[in-house]
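See below for the structure under consideration.
Coordinate-derived values only; no laboratory data. As the structure is a computational prediction, the values presented were derived from the model and not from experiment. Backbone-built Cβ (ideal geometry, glycine too); neighbour counts: all protein chains shown.
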Amino acid sequence: MVVVEVEQVSMVSPFRRPFGIPRDAGEKAENGLRAALSSVTGRVTSRWEAAVTDADLALLLMIRHFELALLDLFAAGKLNGTTHTCLGQEYVPVALAPLIPDDFVFSNHRGHGHYLARFDDPAGLLAEIMGREGAVCAGVGGSQHIYRDGFLSTGVQGQSLPVAVGVALHHQRSGQRRIAVAFTGDGTWGEGAVYEALNMAGLWQVPLLVVVENNGIAQSTPTSVQLSGSIEGRAHAFGIDHHRFDGNDISAIRDDLTSIVDKVRHDSAPAVVEFDTVRIGPHSKGDDTRDPAELELVRARDWYPQYADRFGERFAAIDAEQRARIARTVEEVESRPPSRWEALA
Ligand SMILES: Cc1ncc(C[n+]2csc(CCOP(=O)(O)OP(=O)(O)O)c2C)c(N)n1
Ligand SMILES: [Mg+2]
C-alpha cells in the first residue's frame, strides 16, 4: 500500500475554522484532494493524521474505554460513592500531556482523563475507585481525591486554584522552570476562590496555566444561565492572557498550546486556556437532565466518531486494543482483595 504525505498548506482543518470560512469548507477541500490522490495512490495520510501518533490515539481511547467501563461497573452495582466521567473531553489532557511532563497538575472532580494522561495507569486508578489492592491512594481518595508525584485532585470546586498559585509561586521563587496547571470546569468560575487566586497570579506573575474545560453545563445548569460576562473577560480583568480553543484536533491544539505553555514557563506569566468542549455523558451517573434533542447535538460534537472517520483502520485497530486492555484491567482489578488503609502509614 502506498502512503503519501500531503502538505496541508492551503487546506483548512475542519476543526480550526478561521472566522468567516464556512464550517465545512476545509473538509470539502480536503476530501476533494483526498479523493483525487487516493484514486492514484491508494490510502493517503495527511500531515494532520501523521501528527496524531498511535500513542495519542491509544491514550485517547484508553481513557474513553476506562470511563465507559466505570459507568458499566456502576450500573452493575459494583462501585460505591460517585464518579464523574470525562466522556467527550478526553482530548484536552491528551493534547496537553507531552507539554507538561514534569509540571504540577491540579485536577478536579472530572479528573480521570487528567490522571491517565499523566500516568497511563488505569489499574491503579480503577483500584482506587473500587477500593482494591494496588490503589493509588490506598482507596481512601476514590475518584476525586488523588495525590501522586506532582498530581493532586479535589472534588471541591475552586479549591485547587489558590493552592496552584502557591505552588507556582514556589516554582518561580526557587528558579525552577516548572509550571502549575489547574483544570477547572466553567461552573467553577462561580466560586470566589477562583478570583482571589487570579488576582494573586496576575499580581505576582506566577507560572500558572488555568485550563477551563467549558462543556456548557454545570451539573444540570447551562452555562448561559449561570455565567455573567465571559471567562475571557474575567481573565483579562486580572491582566491575564486568555486563549480559546473550539476544536478537538489534538495536533492543532498542541501546536497552539506549545507557545502558550512556553510563555507561562519561561516568562513566568499566567494564562487561561478555555476549551469549548462537550460532556457527552451524565454529570455523574444516570443523572443527565438534558433533553434528547440537546443530547443529540452534544453527541454530534463527540471526537470519537470524527476520529474513527478520519483515522479509519488505524483507529479501529487501536480502539479494539484499548477496549480489550481495559476489559482485562477491569477483570484483573475486580479479582484483587480490598485495599488496606495501613498502606498510608
Ligand atoms: C464547592 C463545591 N460546591 C458544589 C459542589 C457540587 N458540584 C460538583 S460538580 C459541580 C458542577 C461543576 O460544574 P463545572 O465546573 O462546569 O464542571 P463540570 O462538572 O461541568 O465538568 C457541582 C456544583 C462541589 N463539588 N464543590
Ligand atoms: Mg461544566
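Comparing Gly166, Leu227, Gly190 along the charge dipole axis of region 85-230, the residue lying farthest to the positive side is Gly166, per the Cβ-charge model.
Only Cα sites of the chain enter the Debye sum here, all with the same form factor; the resulting log10 I(q)/I(0) across q = 0.11, 0.13, 0.15 1/Å is -0.77, -1.06, -1.36, listed in q order. Measuring nothing but alpha carbons in region 240-345 and taking Rh as the Kirkwood radius, the Rg to Rh ratio lands at 1.09. Amide H contacts of Ala218 (H built 1.01 Å from N, in plane; Pro and chain starts excluded): Thr223 sit under 5 Å, all sequence-distant by 5 or more or on other chains. The coefficient of translational diffusion for region 44-142, derived via Stokes-Einstein from the alpha carbon Kirkwood radius under 37 °C and 0.692 mPa s, stands at 228 µm²/s.
3J(HN,Hα) along region 50-61: 5, 6, 8, 7, 4, 5, 4, 5, 4, 5, 3, 6 Hz, from the Karplus curve 6.51 cos²θ - 1.76 cosθ + 1.60 with θ = phi - 60°, whole Hz, x for Gly and Pro. Note on region 54-305: with charges restricted to the Cβ of Lys and Arg (+1) and Asp and Glu (-1), its dipole about the Cα centre is near 580 debye.
Here's how it looks for Val181: its modeled amide H is under 5 Å from those of Phe104, Val105, Phe106, Leu209, which are all 5 or more places away or on a different chain. With the charge dipole of region 240-333 set up from +1 on Lys and Arg Cβ and -1 on Asp and Glu Cβ about the Cα centre, the Cα lying farthest toward the positive end among the listed residues Val298, Phe311, Gly247 is that of Phe311. Determine the distance separating the Cα centre of region 123-148 from the Cα centre of region 45-114; give it in Å without decimals. Using only Cα atoms to place each centre, the spacing works out to 16 Å. Whole-Hz Karplus values for region 120-130 come out as 6, 10, x, 5, x, 6, 5, 4, 5, 6, 8 Hz, taken residue by residue from phi with 6.51 cos²θ - 1.76 cosθ + 1.60 and θ = phi - 60°; glycine and proline positions read x. Using the Karplus relation 6.51 cos²θ - 1.76 cosθ + 1.60 with θ = phi - 60°, the per-residue 3J(HN,Hα) values for region 248-255 come to 10, 7, 5, 6, 5, 4, 5, 4 Hz, with x marking Gly and Pro. Residues whose amide H falls under 5 Å from that of Val272, counting only those 5 or more places apart or on a different chain, are Val210, Asp241, His242, His243, with hydrogens built in the peptide plane.
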